[in-house]
Amino acid sequence: MLRSCLVSLFLTAAVPVVADVPRVVVDIAPVHSLVAQVMIGVGEPELIVHPGASPHSYAMRPSEARAMEQADLVVWMGPQLTPWFEKPLEALGASARHVTLLDLAATETLPLRVLDHDDGEQEDEHHGHDHGHGHEGVDPHAWLDPRNGQAWLATLAEELAAIDPENAGTYRANAVAAVERLEVSIAEITSAVQPMDGRSFIAFHDAYQYFERRFSLTLAGTVSLSDARSPSPARLARLREEIGQKDIACAFSEPQFNTGVLQTVIEGTDTRILVLDPIGAHLTPGPDLYAQLLRDMGAGFVECAGN
């Protein structure tokens, strides 16, 4: 009898408690992946913006609205990335704990860069476009610095532990393991992108500065402003001049963008167009997505350097 009781106590301590799994809602796939890593063995978070959809403008489905209404914890980047998320969060998720990652003291944020705003584009040219974020404020792509990802893992573990104390040990252990895995990824990417030293690249739009800073990469220019206004002829001419004067290794587009404008910019040069996927549009949501996204970004720059 005593032995049976001891075995029962051991199993209770070693196995995560699943009776009341916290209901967690997350805005984008990279953040969902971080939360999913912390929740391994306990439960799975709900993702709102699935890969392939734009985080800047999204209409929630009824099932997603219900998930937010029932949530114990809502994790999102902030209105700088998903401005549409704020109203349903206030209306449906008022009873949940909220974690706004861009507002955390541990988050290293960068301001939106001003890149050639005075080249003739008119303010009314971008009406009706999915322009996402404006000219001023914080660059919302902070998940592309894996040091931020590491800081968020610790915060997420504590938030979940506060909601679900019985599984606090599991959340914290998962976070520590995830931080260690990311440390390995950071070292691998740092080594892999060394061939880009002294070379630069151009991009369709300015989304990568967190990754650039972490891994010492150099952006020469962008086709579109951060709000995706159509580029003026003056901007395109300036980019062509940059390609002629600098060692431009490649030009990066993204899965959702038409490469026609980039083709115009590089026409007559040896510059190749490659694709970066900063939000995991072609990856399967889950614990592995975040590290895979970073590795794929690194691989993109390795391919760029090989041109």
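Structure values in brief
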{"item": "Filter pass, ARG235 being over 22 Å from the mean Cα position of the chain (by Cα) and assigned to a helix (DSSP H, G or I)", "result": "yes"}
{"item": "Residues of the stretch 62-87 satisfying the condition of being over 21 Å from the mean Cα position of the chain (by Cα) and assigned to a helix (DSSP H, G or I)", "result": "PRO62, SER63, ALA65, ARG66, ALA67, GLU69, LYS87"}
{"item": "Residue count for the stretch 213-229, restricted to those that are outside any loop (DSSP other than H, G, I, E, B), at pLDDT 90 or above and either surrounded by fewer than 21 Cβ atoms within 10 Å (Cβ to Cβ) or over 17 Å from the mean Cα position of the chain (by Cα) (or both)", "result": "4"}
{"item": "Selection within the stretch 238-281 - over 30 Å from GLN292 (Cβ atoms), free of Cβ contacts under 8 Å to residues at least 12 places away in the same chain and in a helix (DSSP H, G or I)", "result": "GLU241, GLN245"}
{"item": "Selection count, the stretch 96-113, where residues are modelled with pLDDT under 95 and of a type in the set (Ser, Thr, Tyr)", "result": "0"}
{"item": "Selection status of SER185, more than 30 Å from VAL99 (Cβ to Cβ), of a type in the set (Gly, Ala, Ser) and surrounded by fewer than 22 Cβ atoms within 10 Å (Cβ to Cβ)", "result": "no"}
{"item": "Hits in the stretch 149-183 (condition: closer than 16 Å to ASP72 by Cα, in a helix (DSSP H, G or I) and in contact (Cβ under 8 Å) with a residue 24 or more places away in the chain)", "result": "THR155, LEU156, ALA157, GLU159, LEU160, ALA162, ILE163, GLU166, ASN167, TYR171"}
{"item": "Among the residues listed as LEU153, LEU144, LEU182, the single one being out of contact with any His (no Cβ under 7 Å at 6 or more places or on another chain), under 16 Å from VAL24 (Cα atoms) and in the same structural domain as VAL75 (by TED's automatic domain parsing)", "result": "LEU153"}
{"item": "Subset of the stretch 260-291 (residues that are crowded, with 18+ Cβ neighbours inside 10 Å and among the polar types (S, T, N, Q))", "result": "THR271"}
{"item": "Filtered residues of the stretch 65-101 (kept if among the β-branched types (Val, Ile, Thr) and more than 17 Å from ALA29 (Cβ to Cβ))", "result": "THR100"}
{"item": "ILE189 being among the hydrophobic types (A, V, I, L, M, F, W, C) and either touching a helix residue (DSSP H, G or I) at 6+ places or on another chain (Cβ under 6 Å) or outside the structural domain of VAL35 (by TED's automatic domain parsing) (or both)", "result": "yes"}
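The values are calculated or read from the model by the stated rules, or taken from the named source; none is laboratory data. Computed from a predicted structure; not experimentally measured. Because the Cβ atoms are built from the backbone with ideal geometry, glycine has one as well, and the counts that use them run over all protein chains shown.
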